[in-house]
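I have placed the structure first, in the form of structure tokens, so that the comments after it can refer back to it.
The values are calculated or read from the model by the stated rules, or taken from the named source; none is laboratory data. As the structure is a prediction and not an experimental result, all values here were calculated from the model. Here the Cβ is made from the backbone with ideal geometry for all residues, glycine too, and neighbour counts use every protein chain on show.
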Amino acid sequence: MSTKFFTNKGENTLLNKLEGLFHHKKPYYFDALVGFFRASGYFRIRKFLDQVSKIRILVGINVDNLVLEATSKGMLFNLNDQVTKEDFLSNIKSDIQDADYRKETEEGMLKFIEDLVSKKIEIKAHPSKNIHAKIYIFREEEKHDHGYGMVITGSSNLTEA
């Protein structure tokens, strides 16, 4: 088993490591256990997640308002019929277009909501709200002789910083 350290200095960052893993390993599932989850962090890695079938994130301490609002709307969205869904998406798109966001933020938010609605992403907050771990699990679709995936553990949350 290979072990490598990265320090989030220069090019030696979690983001670069995630990009490399998504590019070379082609994970089918992505799971994260993090203390903090920020929409800005999700937007930074979203471009790597198209190939991933299911994303599960367990948050231990804090979820920002943007994520909380989208998650709650996504949950309500899934309870209604197709017409309500289309109306909801249209309203969200208008809200984002009228808001003072950068284009990258707008696109990221729309993708995030699509991921919630399609149930590609599942976000849960641990009831104790005391988890500070950072674990990222990349699983392949099927187990084989060379393993089933990879794990990164450390001190970097899914945030823009």
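So which pairs qualify, if the first residue must be in region 138-161 and surrounded by 10 or more Cβ atoms within 10 Å (Cβ to Cβ) and outside any strand (DSSP E or B), the second must be small (Gly, Ala, Ser) and modelled with pLDDT under 80, the Cβ gap must be under 7 Å, and the two must be at least 6 apart or on different chains?
157/35; 157/41; 159/40; 159/41; 160/40; 160/41
Which one is surrounded by the most Cβ atoms within 10 Å (Cβ to Cβ), of the residues in region 16-35 that are aromatic (Phe, Trp, Tyr) and under 16 Å from residue 152 (Cβ atoms)? If you could, list the steps in order and put the result at the bottom.
Taking region 16-35 first, the residues aromatic (Phe, Trp, Tyr) are 22, 28-30.
Those still in the list that are under 16 Å from residue 152 (Cβ atoms) too: 22, 29-30.
Numbers: 22: 19, 29: 16, 30: 24.
Here the answer is 30.
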